[in-house]
Structures are given as structure tokens and as C-alpha cells.
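The next block holds one structure in the form of C-alpha cells; read it before the comments.
The values are calculated or read from the model by the stated rules, or taken from the named source; none is laboratory data. Note that the coordinates shown come from a computational prediction; the quantities given were computed from them, not determined experimentally. Using ideal geometry, Cβ is built from the backbone for each residue, glycine included, and neighbour counts are taken over all protein chains shown. The accessibility values were calculated without ligands, DNA or RNA, using every heavy atom of the protein model including side chains. Shrake-Rupley method; radii C 1.70, N 1.55, O 1.52, S 1.80 Å.
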Amino acid sequence: MRTGTANTSAAATRGRRALRAGTVTVGAYALPVALVIVSLFIGRYPISAGDVFGSLGAALGVSGAADSIQARSAAYTLVVNVRLPRAIAAALVGAALAGSGAAFQGVFRNPLVSPSILGVSSGAGFGAALAIVFFSSATAVVAPFAFLFGVLAVIASYLIARVYRSTPTIMLILGGTIVSAVFSALISLMKFIADPETQLPNLVYWLMGSLSAIGWEQFAAAIPIAIGLIALDVLAWRVNILSMGDKEARSLGLDVFRDKLLIIAAATLSTAGAVCMSGVIGWVGLVIPHIGRMLAGSDNRRLIPLSAAAGASFMLVIDLLCRTLSSSEIPIGVLTALIGAPFFVYLLKKTKGRDWQ
């Protein structure tokens with residue numbers, strides 16, 4: 001009788017845990033959608049709920065919505081062409097950085113790893129600086145340069161790690177450190193030769209991160225973000241095995257070189273696309289995966305998509321704060337650092353270093 005009661009109690013406990021996990025998962029995925037809608041109402045220019053939903057209906061071609069919003073074209077322009085693309089871009093950038101950060105932390109078996117570990121941020125920063133100084137500060141020119149040099153930086157890091165015809169974790173990290181240092185020096189050189197009246201302010205502001213210039217024409221960068229995140233979701237089970245160590249992964253039949261290359265390529269695609277859209281933004285890919293582990297555990301099949309959803313929500317909140325806290329917009333990178341660093345200390349205290357062992 002006692003055994004039967006114990007089994008019933010254990011089953012009930014598992015059922016409650018499963019229900020709690022399901023509720024957390026649904027909430028995490030629904031929150032970014034809710035925040036995107038909320039962001040359409042918030043800003044210096046007040047817009048009524050009727051105008052917001054009327055603008056969305058007109059954009060989607062809903063019958064009658066176009067006529068109702070026609071007399072309020074300013075509201076339509078602000079909702080559909082300014083706030084909506086900015087909110088979606090913030091969600092994409094946050095998802096890309098957090099999802100990539102979770103994948104990198106699993107592959108490198110290091111909770112201090114962020115998406116910039118292989119130099120993608122510094123490489124993209126140099127590409128943007130090069131475009132601003134020698135070509136144009138237009139986003140249509142800066143974004144391709146940033147994406148190209150971000151990818152080239154990661155390729156260079158990987159080639160350095162292959163010096164010994166293998167890709168041990170420490171060599172990848174050292175390669176990324178070397179490449180980041182070189183591109184950081186080149187960025188400083190670009191700042192030195194930039195015109196202090198026109199080019200330098202644009203360069204500095206881009207390096208601090210911002211979504212103020214986002215429009216639908218910049219959404220080409222969403223393609224590599226989507227490809228990278230989908231690939232990371234598909235490869236999540238391989239991240240689980242690689243996080244056990246190279247020897248264990250080989251014993252379980254994985255091609256360590258190929259799988260690391262695929263995961264790094266996917267994470268690089270999404271991170272480079274995010275940097276193209278927003279500039280250099282730190283802390284998101286470092287802090288958010290730890291929140292994901294608190295909610296979903298260390299199984300990357302759940303952790304990576306949940307981290308992406310949490311990252312999207314985090315960036316939406318940060319972007320709202322950036323454009324409402326002061327009369328002039330605060331760069332996103334400033335707020336992510338000011339909020340992310342203390343929050344990381346809180347996470348460390350709450351988890352008591354369990355993710356660091």
C-alpha cells in the first residue's frame with residue numbers, strides 16, 4: 001500500500017512539474033508577441049488603439065480598414081513603417097544573440113562565452129567602420145560590410161584554431177581573442193582617420209548599438225538570422241553531445257570537426273545578421289542563456305529556442321526603455337551593459353555558481 005501511495009505521489013509530482021514547465025514554455029513564447037503589440041502603442045507620439053489596429057488591418061489588406069485609416073495617414077506611417085519594423089527587428093536581434101550565446105556556451109562548455117567569442121562583433125564593427133569612413137554611412141552600404149567582415153573574422157578564428165589540425169576549445173578561444181584584438185585595433189585606426197565632424201559620430205553611435213534607423217528595407221539581414229536560428233534548433237541535440245567533451249562525442253559517433261563547424265556557422269550567421277541590424281550589442285548572449293537554464297534546464301533542445309524567446313523579450317523591453325527614458329534616444333548597448341552586468345551578478349548569487357562548475 002505504501003509503495004502504491006509513493007508511486008501515486010511521485011506521478012503527481014511529475015505531472016505538476018510537467019504542467020509548470022509547459023506553462024513556462026508557452027509564456028516564454030507568447031511574451032515576445034505581446035511585447036511587439038505593446039510597443040506599437042508606446043512612444044512620444046500618442047496613438048489610439050483604434051488607429052493601431054486600423055493601421056495593422058490596412059497593412060494586411062483587411063476589408064474596410066484602409067478607408068478607416070486613410071484620414072490618419074500619420075498614424076499609419078508611424079505604426080507600420082516605424083514602430084512595427086523596429087519592434088520586429090528588436091525581437092530578431094535579441095533572439096539571434098541569445099540563441100547563439102546558448103549554443104556557444106554548450107559547444108565551448110563555458111558559461112562565460114558570448115556570441116562575440118570568435119570575433120564576429122569586432123569584425124562586423126570594423127566592416128561598418130570601413131564603410132562609414134571610405135564609402136557611405138547609409139545602412140544599405142554599412143550592413144553588407146558589417147556582415148561580410150563579421151563572417152570573415154569567425155573564419156579567421158577557425159583557421160587559427162586549426163594550426164594543429166584539430167579544433168580544441170582552447171584553440172578556438174585563443175583564435176577568437178587574437179582576431180578580436182586585431183579588428184579592435186583596426187576599428188581604433190578607423191576612428192583616428194575618420195572625419196570628426198561627420199564620420200566619427202556615425203561610427204561611434206553605430207558601435208554603441210541602435211535600432212533608430214530600422215525600416216523594412218533593412219530586413220534582408222533577417223534571412224541569415226532565421227537560417228542560423230533554425231539550424232541551431234535542428235542541431236541542438238548535437239550541442240548536447242558536444243558539451244560532454246570531444247572524446248565522449250567521438251565515442252558516441254559524432255564527427256566533432258564537422259558538427260562544431262556547422263554549429264559555429266549557424267551561430268555566426270544569426271549573430272552577424274543581428275549586428276548588421278542593430279550594431280554591436282553586448283551582454284544579451286551572455287546573460288539570457290543563464291535565465292534559460294533556470295527555466296528549462298541544460299537540455300539544449302529546449303534551452304536554445306527558449307533562450308531565443310527570452311532574448312527577444314529582453315531586447316523589446318530594452319528598446320522601449322531606450323526610446324522613452326529620455327528626450328534623446330539612449331544607445332541600446334549602453335542599457336544592455338548597465339542592466340545586464342548587475343543582473344548577471346544576481347544570477348550568479350541565485351544559482352550559487354551551479355552553472356559554472
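Considered as a group, the residues in region 314-325 that are open to solvent by less than 10 Å² (accessible area, probe 1.4 Å) and not charged (D, E, K, R) include one that is farthest from ALA337 (Cα to Cα), and that residue is LEU316. With respect to VAL79, is the statement that it is open to solvent by less than 50 Å² (accessible area, probe 1.4 Å) and modelled with pLDDT of 95 or more true? No; evaluated as a whole, the condition is false for this residue. Residues in region 93-141 that are under 16 Å from SER212 (Cβ atoms) and at pLDDT 90 or above: VAL93, ALA128, ILE132.
Of the residues making up region 118-134, one or more are open to solvent by 10 Å² or more (accessible area, probe 1.4 Å) and free of Cβ contacts under 8 Å to residues at least 60 places away in the same chain. Within region 246-254, does at least one residue satisfy the condition of being open to solvent by 40 Å² or more (accessible area, probe 1.4 Å), aliphatic (A, V, I, L, M), over 23 Å from the mean Cα position of the chain (by Cα) and more than 27 Å from SER137 (Cα to Cα)? Within region 246-254, one or more residues are open to solvent by 40 Å² or more (accessible area, probe 1.4 Å), aliphatic (A, V, I, L, M), over 23 Å from the mean Cα position of the chain (by Cα) and more than 27 Å from SER137 (Cα to Cα). Can you name every residue in region 147-185 that is of a type outside the set (A, V, I, L, M) and crowded, with 20+ Cβ neighbours inside 10 Å? If the condition is that a residue be of a type outside the set (A, V, I, L, M) and crowded, with 20+ Cβ neighbours inside 10 Å, then PHE147, PHE149, GLY150, SER157, TYR158, GLY175, GLY176, SER180, PHE183 are the ones that fit. What single numbered condition from (1) assigned to a helix (DSSP H, G or I); (2) open to solvent by less than 50 Å² (accessible area, probe 1.4 Å) fails to hold for PRO144? Only one criterion is unmet by PRO144, namely (2). Filtered by the rule that a residue be in a helix (DSSP H, G or I), in contact with a helix residue (DSSP H, G or I) (Cβ under 6 Å, 6 or more places away or on another chain) and not small (Gly, Ala, Ser), region 261-285 gives ILE263, THR268, LEU269, THR271, VAL275, CYS276, MET277, VAL284. Among the residues of region 282-311, the ones that are open to solvent by 20 Å² or more (accessible area, probe 1.4 Å) and of a type outside the set (Ser, Thr, Tyr) come to 13 in all.
Within region 248-270, residues that are on the phi < 0 side of the Ramachandran plot have Cβ atoms under 7 Å from residues that are open to solvent by 70 Å² or more (accessible area, probe 1.4 Å) and in a helix (DSSP H, G or I) in these pairs: VAL256/ARG250; LEU269/ILE227, counting only partners at least 6 apart in sequence or on another chain.
Screening the candidates LEU92, LEU112 for the property of being in a helix (DSSP H, G or I) and not β-branched (Val, Ile, Thr) yields one hit, LEU92.
When region 261-281 is filtered for residues that are crowded, with 17+ Cβ neighbours inside 10 Å and in contact with a Lys or Arg (Cβ under 9 Å, 6 or more places away or on another chain), only ILE263 remains.
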